[in-house]
């Protein structure tokens, strides 16, 4: 339930900020400044998710080895 509320509020705020930047900003502000920033943030997020994914797989492998040792 909380995740849905968080996603909804975050989406609303992001859309509101984009609309304000589009209508109130100087010409070219959205394309020249915000789009590259969003691309950079997305790339950083993907790198972080991949790092956590690799870390989680390593932890699962270590846990499986521990369980296998207990069963011997």
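Throughout, read-outs are computed from the coordinates displayed, never taken from laboratory work. The structure displayed is predicted, hence computed values, not measured ones. Cβ placement follows ideal geometry from the backbone for every residue including glycine, while neighbour counts extend to all protein chains displayed.
Brief remarks follow.
- Once the Cα atoms are used to define both axes, helix 2-24 deviates from the longest principal axis of the chain by about 30 degrees.
- The chain: C-alpha gyration tensor shape, a/c 1.5 cut-off, then a/b vs b/c: oblate
- Between helix 35-71 and the chain: long-axis angle, C-alpha atoms, 0 to 90°, nearest 10: 10 degrees
- Label-point separation, residue 6 to residue 57 (7 Å along Cα→Cβ), nm: 2.5 nm
- Two-site label geometry, residue 65 and residue 15: point separation in nm, points 7 Å out along Cα→Cβ: 4.8 nm
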